[in-house]
Amino acid sequence: MSESTKMTQTQKRILLIGLVPLFMSLLSVSSINVVLPSIAADIDASTSALQWVLTGYALSFGVVLVAAGRAGDVFGRGQLFAIGVGLFGLSSLVAGIAPDPLTLNISRVTMGLGSGFLNPQVVGLLQQYFQGPPRGRAFGLMGTTVGLSVAIGPVLGGALIALFGSDLGWRATFLVNVPFAIASLILARAWLPAGAWRPAVDQDAKNSDGGKDLDPVGVILLGVGVLLILLPFVESSLGWFIWLSLPIGIGMIWVWTRWERRYAHLGRPPMVDLDLFRIRSFSNGSIIIALYFLGVTSVWVLVAMYMQQGLGHTALAAGMIGLPAALCSAVSADVSGRFVFQIGRRLVVWGIALCFVGLVATIAVVALLSQGIGSEWWLLLTLAFIGTAQGMVISPNQTLTLQEVPLRYAGSSGGVLQTGQRIGTSMGLAIMTALAFSITAVSNWHWGMMGAFVAIAVIVILAGIVGLIEVRRGGPRRA
């Protein structure tokens, strides 16, 4: 067997090892909404406890991404991947047998930590072991994994409830993660190359005593800053005072940037080399994806609310209407990954344009429905445009954004990119749902839906403008 053939086999194994737990971690996000009523009935969970089932995972996931990515760069991505998968699997087991809401919420927080540990390692491993067109295809398959998890999650949750009943069905949605986590740990130990278990950085990550330097002050400052920024968007029900954490969190991020500059000036390796943001492809790509997630991720929540609260459909129908879009996203992500290096950032701009078309078409359908014309099932087609666009934007943008990042910062840069996505998602969900509810309160769900989608379209246009700037800038180059 030739060396190139061996590498191809190694790459396939890395994809299998990385994408399966990634799929399960994202499945835990998309399936949870379907099983919340069963959780409330079985363990007598209050509304606030159910809210923490959702937000506890999101908060812990977002807070640790950058630090976990840097730890993988310094200690070896294999170690951090195994820790993340192990923590995720163990927490899933505890969640599946949780006797009360407190145990369930604690396990959901630790599940989020496990997911936050493993996600940047998958990005780092793809950066480390795939170059050129194969890297584009690898990130395309990663996008396919994301699309399938979104599509299958609600359907799987509903199927498990139907198969095992309300009491056991919601527990099965957590317990199903356990055998996959065990298999992933075994295969990671057997198949991951030796280089995956070694540091991606050497002397530049060591302190004066020769030990590994993780920049602990930087870790704390960034983690607390991200937590304070996310908190009001995921826990707005706590009252107006919770919004005071937002400016404090922004100030904490500013302090973190000053600390990182000072740390680097002293000759120590910072958690995030801020010079990464001088790489135009990285900085522009980060802005594009943060804006995209700020707008588009709330589409699926709004559609689900519109179908159930506005049109009176069941939760299953609300979940099914987004299924073709998610499948289109999975297919387009794979196809886009094969051509991303030939087409470049233009592919991302085309995807943003297609997303805008889908948003406008959806607004038109809702406007017709408000006049008693047409069928809500026309949304299957308009949302498919948005789903297809998603596959053309997320994975290709990630591939191009990380293209010029030094390998020693692959994990932390991937964490930065995903943190921007998490912040954008949390802000977008809070803003767009609040906008929809405020319009609905004085009118109806048709107008609430249209108002929120117009706001999303404006944000998508801003993302497209940044994309056009990057296209005009030309090929990859440093600022």
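Remarks
- For the stretch 447-477 and the stretch 18-77, distance of Cα centres in Å: 28
- Cβ-based charge dipole, the chain, positive-most Cα from Ile321, Gln371, Ile17: Ile17
- Prolate/oblate/rounded call for the stretch 1-70, Cα gyration tensor, a/c under 1.5 rounded: oblate
- Cα gyration tensor category, rounded, prolate or oblate, for the stretch 217-351 with a/c compared to 1.5: oblate
- Intensity falloff of the chain expressed as log10 I(q)/I(0), Debye formula with alpha-carbon point scatterers, at q = 0.06, 0.07, 0.10 Å⁻¹: -0.25, -0.35, -0.73
- Count Lys and Arg as plus one, Asp and Glu as minus one, and take only other residues whose Cβ is under 13 Å from that of Pro101; the net charge is then -2.
- Cα radius of gyration and Dmax for the stretch 33-158 (Å): 16.4, 53
- Of the whole protein surface, Phe385 contributes about 80 Å² of accessible area at a 1.4 Å probe radius.
- Tensor-based shape of the stretch 380-456 (alpha-carbon gyration tensor, a/c under 1.5 rounded, otherwise prolate or oblate): oblate
- Positive dipole terminus of the chain, leading residue within Phe81, Trp197, Leu359 (C-beta point charges): Trp197
- Solvent exposure ordering (accessible area, 1.4 Å, most first) of Arg258, Arg137, Arg422, Arg338: Arg258, Arg338, Arg137, Arg422
- Of every Cα-Cα pair in the stretch 272-389, the percent that sits beyond 17 Å: 62
- Accessible surface of the chain [probe 1.4 Å, protein heavy atoms]: carbon and sulfur percent: 70
- If only the Cβ of Lys and Arg carry +1 and only the Cβ of Asp and Glu carry -1, the dipole of the chain around its Cα centre is close to 1440 debye.
- The stretch 232-369 - charge dipole about Cα centre, Lys and Arg +1 at Cβ, Asp and Glu -1, debye rounded to 20: 520
- Given +1 at the Cβ of Lys and Arg, -1 at the Cβ of Asp and Glu and no other charges, the dipole of the stretch 392-479 around its Cα centre is 320 debye to the nearest 20.
The values are calculated or read from the model by the stated rules, or taken from the named source; none is laboratory data. Just so it is clear, the model here is predicted, and its values are computed rather than measured. A quick note on method: Cβ atoms are made from the backbone with ideal geometry, for glycine too, and the neighbour counts reach across all protein chains shown. Note: accessible area is taken over every heavy atom of the protein model, side chains too, but ligands, DNA and RNA are not part of it. Shrake-Rupley method; radii C 1.70, N 1.55, O 1.52, S 1.80 Å.
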